[in-house]
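Enquirer: Here it is, the structure in full.
All of the numbers you see were taken from the coordinates with simple rules; none came from a lab. Quick caveat, the model's predicted, so the values are computed rather than measured. Using ideal geometry, Cβ is built from the backbone for each residue, glycine included, and neighbour counts are taken over all protein chains shown.
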């Protein structure tokens, strides 16, 4: 991409480099960039300034067909590759990504508005580590050992790739979500067509290019940059796609499930969240306040596992609210490329206005302790919204029950432990949660009773490649990351050998003759 050194990032030069890199188009099919054929264009915009980064031609159904055909053609050869061969390519892939870390970090910041310290220290290193993990995991994809379970037969289990995977990724973590979709699929021997969000395709395309440069065969990874209703729905409903993996809102996930069900394909959904943050009265209030501020504001709150509902046992409630407000007021909004920026803009002005509307409506029934006003002045051109703390809302209110996807934390008090844990589970979601206590028995109870795919104790947000990520209830089903993700991307085959060499088996008498 030709970005400058890490010491002197410049948006104008980085924008020029992006346009040069994707001059041939923003579709990556069969190992090559090409333009979309939908007849429509889309503009990637810098959320911090509102300025154009790249205008490209969107994918249409014909591009999806071409990408699926490329993946289908590549599948037999890639599926036959040995685990060692797939592992070797993925190890090279991780090395190429590491070499291009700065380019990836700046492209991610440019299209998403993330501060460079977030992309450099979280998004890109996490993606490289995930790639390294699956390079190793590819060699440990095993079925059950052989055994004689009937007495007259030997059985064993084969794990086989499902075929062509059609995946759809969101805009909040474009690079990491591309990795989460692509890596387990290809490590297991599948090929894939990924549709990133149309406003954040840059790093997904760069990820696929890096894979090709590392030696992954053409057609194993394909990227179609298009709109959801046109390209996305065609991909999900495509008869040659054996599986769909979708990350995004619960509402869109329902539509994806409807389309996938029509063609009876395997489905993996990672959907919305409304993570509870339960603080018991024996917790370290400073640690809890620090964790809540960071957990609520990560990625400007555009994180489905972000701390959004803090339930604080009454003896600590006032101190917790006061300390979180203090911490939020120290957070520095600003240009994502500038040193010292803590929080960048939201992904778009439309998303900023959506977040602001939630807070504005809440003023009629709750108290905005800090934040809650769209910045003016130098930040006015960007999609900025400040860290916002809300108290006094009822459990059944909109701001407590609905996913906001912005830098907004709502704090509610509770009395007994039973009440706190009941409140934590009192939304349709179940993606992530945390419990804050010094009592091992309280912690154990919370981790057992809170219905979420991940429950942290005395922390909130950290993820690791070795452990799974996925939800309960309206937050979806199936797992990303870890070897558990192979359950989604492989199908189990039972193979059974007769050991007797006897022509007439004893069970045949149930069809003809007597013993």
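Enquirer: With a 10 Å Cβ neighbour count serving as the proxy for reagent exposure, in which order, fewest first, do 132, 485 appear?
Expert: So the ranking, lowest neighbour count to highest, is 132, 485.
Enquirer: Could you list 154, 45, 388 so that the one with the fewest beta carbons within 10 Å of its beta carbon is first and the one with the most is last? Don't skip to the answer; put the middle values down first.
Expert: Details: 154 14, 45 21, 388 26.
In increasing order of surrounding Cβ atoms, one gets 154, 45, 388.
Enquirer: Relative to the first principal axis of the alpha-carbon coordinates of the chain, what is the inclination of helix 250-262, with its axis defined by its Cα atoms, in degrees from 0 to 90 and to the nearest 10?
Expert: Computed tilt is about 20 degrees.
Enquirer: Fewest to most neighbouring Cβ within 10 Å: what's the order for 488, 20? Walk me through the intermediate numbers first.
Expert: Details: 488 21, 20 11.
Ordered by Cβ neighbours within 10 Å, fewest first: 20, 488.
Enquirer: Using only Cα atoms and rounding to the nearest 10 degrees, what angle (0 to 90) does helix 61-80 make with the longest principal axis of the chain?
Expert: Helix 61-80 sits roughly 60 degrees off the main axis of the chain.
Enquirer: Given points 7 Å out from each Cα along the Cα-Cβ axis, report the residue 51 to residue 91 separation in nanometres with one decimal.
Expert: 4.4 nm
Enquirer: Along Cα→Cβ, 7 Å out, is where each label goes; now give me the distance between the ones at residue 365 and residue 12 in nm to one decimal.
Expert: Reported label-point gap for residue 365 and residue 12 is 5.0 nm.
Enquirer: Specify the inter-centroid distance of region 413-440 and region 27-69, based on alpha-carbon positions, in whole Å.
Expert: So the separation of the two Cα centres works out to 43 Å.
Enquirer: Moving on. Can you compute the helix-only [θ] at 222 nm over the chain? Use -39500 (n - 2.57) per DSSP H run of at least 4 residues, normalise by all residues, nearest 500 deg cm²/dmol. Walk me through the numbers before you get to the answer.
Expert: Numbers: 16 runs with 188 residues, N = 515.
Helices in the chain give a 222 nm mean residue ellipticity of -11500 deg cm²/dmol.
Enquirer: Let me ask you something else. Label the chain by shape, choosing from rounded, prolate and oblate, from the square roots a ≥ b ≥ c of the eigenvalues of the Cα gyration tensor; if a/c is under 1.5 it is rounded, and otherwise prolate applies when a/b is larger than b/c, oblate when it is not. Could you put the intermediate results ahead of the total?
Expert: On the way: a/c = 2.08, a/b = 1.28, b/c = 1.62.
It comes out oblate by the Cα gyration axes.
Enquirer: Would you mind checking the tilt of helix 202-213 against the longest principal axis of the Cα atoms of the chain, expressed as 0 to 90 degrees and rounded to 10?
Expert: 40 degrees
Enquirer: For a Förster distance of 45 Å, can you work out the FRET efficiency between the beta-carbons of residue 398 and residue 19, rounded to the nearest 0.05?
Expert: Once the sixth-power term is evaluated, E becomes 0.60.
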